[in-house]
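Right, one structure below, let's go through it.
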Amino acid sequence: DAKTTQPTSMDCAEGRAANLPCNHSTISGNEYVYWYRQIHSQGPQYIIHGLKNNETNEMASLIITEDRKSSTLILPHATLRDTAVYYCICGLGYSTLTFGKGTMLLVSP
Amino acid sequence: NAGVMQNPRHLVRRRGQEARLRCSPMKGHSHVYWYRQLPEEGLKFMVYLQKENIIDESGMPKERFSAEFPKEGPSILRIQQVVRGDSAAYFCASSPPGDRVYEQYFGPGTRLTVT
């Protein structure tokens, strides 16, 4: 699985868009990019995934660069409940997910 | 549609006892995964199962740990002769078949404390 690099922490004001970057320069052609988040002490929550095209669902948008070496998760209107650790993971098929340290997003009033 | 269910939520065992952790996947999900999260660390994959089959157990410790997902009933993660280092949160996840197999839905976890 490709290694991913994320900032350790980020801050965002409530109501603003949160843009979380992820570098995955060694991603292979058939690896997906997955995003999960973990709110303190809870089980991780699936957010979104993509291969090449940008994706959007009710939770977030995923922007993948054309060379696929990086991506950005966008939470369009962050709320206090979005405070969590966000994980960017690259993997294949059924994918035994490999969680790194992620980005701690703190949403403030 | 109920989410992934795990029980018990908290389990205390003395060293040397056995721990049994149960996971009921979401309705319609045929893939089950177990992960372990040690204190202040990230989640680590342990095992991936489908009904009556272990697909990938590359993350399972070689001794004392076993997992099953029988034809009927929940998936079970079994830890024999527990030691203090087994104290952790154990999360189960399930995913649907077909195109959405990449989406893993996690349960609330079982927090195991070994005294």
Next item on the list: Only residues that are in contact with a Lys or Arg (Cβ under 9 Å, 6 or more places away or on another chain), without any contact (Cβ under 8 Å) to a residue 40 or more places away in the chain and aliphatic (A, V, I, L, M): list them for region A:60-85, please.
Entry: A:I64
Next item on the list: Examine region B:13-33 for a residue that is modelled with pLDDT of 95 or more, farther than 16 Å from B:Q80 by Cα, surrounded by fewer than 16 Cβ atoms within 10 Å (Cβ to Cβ) and of a type outside the set (A, V, I, L, M), and state whether such a residue exists.
Entry: no
Checklist line | Scan of region B:51-91 for residues that are among the hydroxyl-bearing types (S, T, Y) and under 17 Å from B:H29 (Cβ atoms), ordered by number | finding: B:S75
Next item on the list: Select from region B:36-45 the residues that are within 9 Å of B:A89 (Cβ to Cβ) and more than 8 Å from chain A (Cβ to nearest Cβ) and write down the one among them that is modelled with the highest pLDDT.
Entry: B:R36
Item checked: Top-ranked residue in region B:69-115 [being among the hydrophobic types (A, V, I, L, M, F, W, C) and over 23 Å from B:G42 (Cβ atoms); ranked as nearest to the other protein chains (Cβ to nearest Cβ)] -> B:F69
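Looking at B:Q81, is it in contact (Cβ under 8 Å) with a residue 60 or more places away in the chain, on the phi > 0 side of the Ramachandran plot, of a type outside the set (V, I, T) and assigned to a loop (DSSP other than H, G, I, E, B)? Reasoning before the result, please.
Values: in contact (Cβ under 8 Å) with a residue 60 or more places away in the chain: yes; on the phi > 0 side of the Ramachandran plot: yes; of a type outside the set (V, I, T): yes; assigned to a loop (DSSP other than H, G, I, E, B): yes.
Yes.
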Check: Which of (1) buried (at least 17 other Cβ atoms within 10 Å of the Cβ); (2) more than 26 Å from A:H40 (Cα to Cα) is the odd one out, the single condition A:N53 does not satisfy?
Finding: (1)
Notebook entry, point to check: Being hydrophobic (A, V, I, L, M, F, W, C), within 12 Å of chain B (Cβ to nearest Cβ), part of a strand (DSSP E or B) and in contact with a Ser or Thr (Cβ under 6 Å, 6 or more places away or on another chain), is that true of even one residue in region A:33-47?
Noted result: yes
Next item on the list: Would you mind stating whether A:T8 is exposed (fewer than 15 other Cβ atoms within 10 Å of the Cβ), within 14 Å of chain B (Cβ to nearest Cβ) and either within 21 Å of B:F45 (Cα to Cα) or more than 12 Å from the chain's Cα centre (by Cα) (or both)?
Entry: yes
Item checked: Selection within region A:59-109 - within 14 Å of chain B (Cβ to nearest Cβ), closer than 28 Å to B:P97 by Cα and assigned to a loop (DSSP other than H, G, I, E, B) -> A:M59, A:A60, A:L92, A:G93, A:Y94, A:S95, A:T96, A:L97, A:T98, A:F99, A:G100, A:G102
Margin query: For the structure I just gave you, tell me whether A:T8 is within 24 Å of B:F91 (Cβ to Cβ), touching a residue at least 24 places away in the same chain (Cβ under 8 Å) and among the hydroxyl-bearing types (S, T, Y).
Written below: yes
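The values are calculated or read from the model by the stated rules, or taken from the named source; none is laboratory data. As the structure is a prediction and not an experimental result, all values here were calculated from the model. Backbone-built Cβ (ideal geometry, glycine too); neighbour counts: all protein chains shown.
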